[in-house]
Amino acid sequence: MEAVAAIPPFERFYEERKDEIFGYLARLLGRDAADDAFQETFLRALRGYGKLEHGRHLRAWAFTIATRVAVDERRKPSASAEPPEIPVDDERPAYAELQHLADQLPPTERAAVVLRYGYDLSYDDIGAALGSSAEAARAAASSGVRRLRRKETS
């Protein structure tokens, strides 16, 4: 018969896991957003702690909660949907090279195409700027490029 691992008091669990969970959230969300996500992670953990049947895999359980909180945080609309200001070294801004094409696109596709190909931002950064996910940013850029290609061949 397998021994069931005892569940430690929540305070001990918190002390053992708080630093690595905060570090994980900071890597996923950045230090500023990690503070709120950290608090939410341990609030959710506290709510569910009494329902646990054993103390095995508590570390994995805490990381699962943190990951879900981080996903929820990324889905929240950002305070500003405006793209971040990017310094440009040359005299002509990156957007100017795409302007004659991108002006014909819907706003989200235009922003995704310009930020990706004009400023070389990652899809994670584009998603954050647009208040969506990296996947949505990738889809918008891809859709914009397809739309531009169709216009080019017509």
Hey, if we sort LYS151, LYS18 by accessible area with the 1.4 Å probe, largest down, what's the order?
-> LYS151, LYS18
Which cross-chain or sequence-distant (5 or more) residues have an amide H under 5 Å from the amide H of ARG56, H modelled 1.01 Å from N in plane?
-> ALA5
Can you give the extra length, in nm with one decimal, that the chain gains between ARG68 and ARG149 once fully stretched, where that is 0.36 nm per residue apart less the Cα-Cα distance?
-> 25.4 nm
In what sequence, largest accessible area first, do THR64, THR41, THR153 appear using a 1.4 Å probe?
-> THR153, THR64, THR41
Accessible heavy-atom area order of VAL71, VAL145, highest first, probe of 1.4 Å | VAL71, VAL145
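The values are calculated or read from the model by the stated rules, or taken from the named source; none is laboratory data. What you see is a predicted model, and the numbers here were worked out from it, not measured in a lab. Quick note on the areas: whole protein, heavy atoms, side chains included, nothing else; ligands and nucleic acids left out. Shrake-Rupley method; radii C 1.70, N 1.55, O 1.52, S 1.80 Å.
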